[in-house]
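K.L.:
Structure in structure tokens, see below.
The values are calculated or read from the model by the stated rules, or taken from the named source; none is laboratory data. Given the structure is predicted, the values throughout are model-derived calculations rather than measurements. Note that each Cβ is placed from the backbone with ideal geometry, even for glycine, and that neighbours are counted across all protein chains shown.
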Amino acid sequence: MLDDLHAARERVRELERELDTRPGVEVSEELVHARQRLRDADAERAESMRLQRELQSQLDYMQAQLAENERLQLSNSALRESIAAYKVEIEEFRAQFAQLHDDRETVTAFPECLDMDKKFSGRAPTPGAPVGDLAQFVEELQVRMAEDKDALAQGKRLNYRLADLRVFVAGLAMSRLHLLEGTSGTGKTTLPNAFANAVGGEARKVEIQAGWRDKQDLLGYYNSFERVYRESPCLQYLYRAGLDFYSDQIFLIVLDEMNLSHPEQYFADFLSALEDPRADALISISDRSLPQVPAKMQTKTGVQLRLPRNVWFVGTANQDETTFAFAPKTYDRAHVMELQPNAPSVPTASVPGREGPVSVHSLLGAFRAAEGTHANDAARARQFVHDLAPFFNERFRVSWGNRLDQHISRFVPVDLAAGGSVGEALDHLLATKVLKKIQGRHSIRPDALEELAALIEEGWLDRNHGPELTLASIQNEIEELRLG
């Protein structure tokens, strides 16, 4: 009982203490109001922060716009400067164009050729020295070439066999295209230069480039903007040779390393034109009207270049991995020579003086005279080749046309008149023209070539000069075939 009373009293004291600590009604209401003000302040603070963020965003945007405006101002300033510079350039171009337009009436498409016309206008042709006996001509030629001043200045003496020079001169009568083959150091490039010096003519070298495709690579091209034809050295040489002043002078155009590109492409027009029976064949330069074309090049069908009769082309050829083989059509039209090394030294001798260069008209006249004198020998040579035709057709499926007859008729007489023989001339033609048609053909059997060699030896028409080159060429083919 006492314990219960004690506990009740303790509970009364706790309740009194709790009552003393509780606020009154006024205090409670104030506390409620304070809490509401706190919530309102928090809301105002949140709104203020939102407004601050919004203002900061607007400020950042305005600063970015300001920077962009400053950049655009700088860019506009640079553009204004560029525009001003472009205006200056445009005015300069306008002035240049106006000058070009004003000069159109005075522009010439062929300035170098017209300069030659002016330089040689009214000058009489250089009189040429006559060619008499062709044998004497070749003998003197050998001495003059051995004493070539250009070669001697380099410490060289040019030694060529009389047989090689006879063949070269006879080749001039046969074709206006020569192909000189042989190993390096045999004088392929030197021969035409020394010949031209010896006869008082001109030899000009044209270096053939790999990748040539058409005649523009050889002759040049027309620049339509400048209205000027880019006159190549070859075009200028041909035009120079066609001037009246040089009409009786021998010109050789040396196509150095002719087979670096396909001649059947860049030289195609020439292959046909060189066989034209007219005195001066024509090569088309342009079918359009060009300003101030030289009179010698202007025709009814356009601008054309004459191939003067006093011009021969001499192509040098190497046979290696950087070159192309000549096509049959090129060999068929050309005179082919393969120079041999180690020619014997030419003895020193004096030759009679000569006034002026050798007359090309006199030389051609000597060729025609030889054709008349040695017509029977030419006929014998033609018949020998005709007799071989059935064998070539049956065993090798090879034939030839009238061109070979024409070449024999021109070549054989001149070789004889120059001191050679029908055997020497025919041997050369068989080795360089007829046998070319079967060289390198792996379908041919060696025994067929042996039969051919026996057939040639059996019917050979010259006891004093055997078919040495021909038989050697056949033997080389036999060995090549057997080696595989």
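K.L.:
Regarding the range 273-287, can at least one residue be identified that is free of Cβ contacts under 8 Å to residues at least 40 places away in the same chain, over 22 Å from residue 414 (Cβ atoms), assigned to a helix (DSSP H, G or I) and not aromatic (Phe, Trp, Tyr)?
P.N.:
Yes: one or more hits.
K.L.:
How about the range 307-356: which of its residues are in contact with a strand residue (DSSP E or B) (Cβ under 9 Å, 6 or more places away or on another chain), over 30 Å from residue 244 (Cα atoms) and among the hydrophobic types (A, V, I, L, M, F, W, C)?
P.N.:
If the condition is that a residue be in contact with a strand residue (DSSP E or B) (Cβ under 9 Å, 6 or more places away or on another chain), over 30 Å from residue 244 (Cα atoms) and among the hydrophobic types (A, V, I, L, M, F, W, C), then 317, 326, 336, 337, 339 are the ones that fit.
K.L.:
Kindly list, by first and then second residue, each pair from a residue in the range 251-266 that is over 30 Å from residue 200 (Cβ atoms) to a residue that is acidic (Asp, Glu), limited to pairs with Cβ atoms under 8 Å and residues at least 6 apart or on different chains.
P.N.:
Going by the 8 Å Cβ cut-off, the qualifying pairs are 261/217; 265/214; 266/214; 266/217.
K.L.:
Could you count how many residues in the range 423-449 are part of a helix (DSSP H, G or I) and either over 42 Å from the mean Cα position of the chain (by Cα) or β-branched (Val, Ile, Thr) (or both)?
P.N.:
Going through the range 423-449 one residue at a time, the tally reaches 3.
K.L.:
Which residue, of 274, 191, 260, 243, is under 20 Å from the mean Cα position of the chain (by Cα), in the same structural domain as residue 354 (by TED's automatic domain parsing) and within 28 Å of residue 168 (Cα to Cα)?
P.N.:
Within the list 274, 191, 260, 243, the selection yields 260.
K.L.:
Here is a follow-up. Applying the selection to the range 392-416, what residues are part of a helix (DSSP H, G or I) and of a type in the set (D, E, K, R)?
P.N.:
The answer is 394, 395, 403, 405, 410, 415.
K.L.:
May I ask you to say which residue of 346, 351, 358, 336 is among the aliphatic types (A, V, I, L, M), within 21 Å of residue 162 (Cα to Cα), over 22 Å from the mean Cα position of the chain (by Cα) and surrounded by fewer than 15 Cβ atoms within 10 Å (Cβ to Cβ)?
P.N.:
Step by step, each of 346, 351, 358, 336 is checked, and only 351 is among the aliphatic types (A, V, I, L, M), within 21 Å of residue 162 (Cα to Cα), over 22 Å from the mean Cα position of the chain (by Cα) and surrounded by fewer than 15 Cβ atoms within 10 Å (Cβ to Cβ).
K.L.:
Scan the range 293-303 and tell me whether some residue there is touching a Leu at 6+ places or on another chain (Cβ under 6 Å) and within 20 Å of residue 173 (Cα to Cα).
P.N.:
No, the range 293-303 contains no residue that is touching a Leu at 6+ places or on another chain (Cβ under 6 Å) and within 20 Å of residue 173 (Cα to Cα).
K.L.:
Another question, if that's okay. Which ones in the range 106-149 are closer than 14 Å to residue 199 by Cα and under 36 Å from the mean Cα position of the chain (by Cα)?
P.N.:
126, 128, 138, 141, 142, 144, 145, 146, 147, 148, 149
K.L.:
Additional query: Got a sec? Which of 461, 435 is surrounded by 14 or more Cβ atoms within 10 Å (Cβ to Cβ), closer than 23 Å to residue 327 by Cβ and not assigned by TED's automatic domain parsing to the domain that holds residue 335?
P.N.:
The conditions single out 435.
K.L.:
To continue, here is another question. Name the residue, out of 156, 188, 205, that is surrounded by fewer than 22 Cβ atoms within 10 Å (Cβ to Cβ), farther than 20 Å from residue 280 by Cα and at pLDDT below 95. Even if it seems obvious, please write down each step before you answer.
P.N.:
On the way: 188 fails: surrounded by fewer than 22 Cβ atoms within 10 Å (Cβ to Cβ); 205 fails: at pLDDT below 95.
Only one candidate passes the filter, namely 156.
K.L.:
Looking for whichever is polar (S, T, N, Q), modelled with pLDDT of 65 or more and part of a helix (DSSP H, G or I) here; the options are 99, 36. Which one fits?
P.N.:
Being polar (S, T, N, Q), modelled with pLDDT of 65 or more and part of a helix (DSSP H, G or I) holds for just one of 99, 36, which is 36.
K.L.:
Can you tell me which of 303, 314 is in contact (Cβ under 8 Å) with a residue 12 or more places away in the chain, within 22 Å of the chain's Cα centre (by Cα) and outside any loop (DSSP other than H, G, I, E, B)?
P.N.:
On inspection, the qualifying residue turns out to be 314.
K.L.:
Residue by residue through the range 173-228, note down the ones that are basic (Lys, Arg), assigned to a loop (DSSP other than H, G, I, E, B) and touching a strand residue (DSSP E or B) at 6+ places or on another chain (Cβ under 6 Å).
P.N.:
Those that are basic (Lys, Arg), assigned to a loop (DSSP other than H, G, I, E, B) and touching a strand residue (DSSP E or B) at 6+ places or on another chain (Cβ under 6 Å): 176, 188.
K.L.:
I want to confirm something. Restricting to the range 306-333 and keeping residues that are exposed (fewer than 15 other Cβ atoms within 10 Å of the Cβ) and not charged (D, E, K, R), which single residue is farthest from residue 248 (Cα to Cα)?
P.N.:
So in the range 306-333, the residues exposed (fewer than 15 other Cβ atoms within 10 Å of the Cβ) come out as 319-322, 325, 327-329.
Cutting the leftovers down to not charged (D, E, K, R) gives us 319, 322, 325, 327-328.
Working: 319: 35, 322: 38, 325: 35, 327: 33, 328: 33 Å.
Among those residues, the one meeting the criterion is 322.
K.L.:
Looking at 389, 381 in this structure, which one is at pLDDT 95 or above, more than 21 Å from residue 466 (Cβ to Cβ) and part of a helix (DSSP H, G or I)?
P.N.:
389 is the lone residue from the list that is at pLDDT 95 or above, more than 21 Å from residue 466 (Cβ to Cβ) and part of a helix (DSSP H, G or I).
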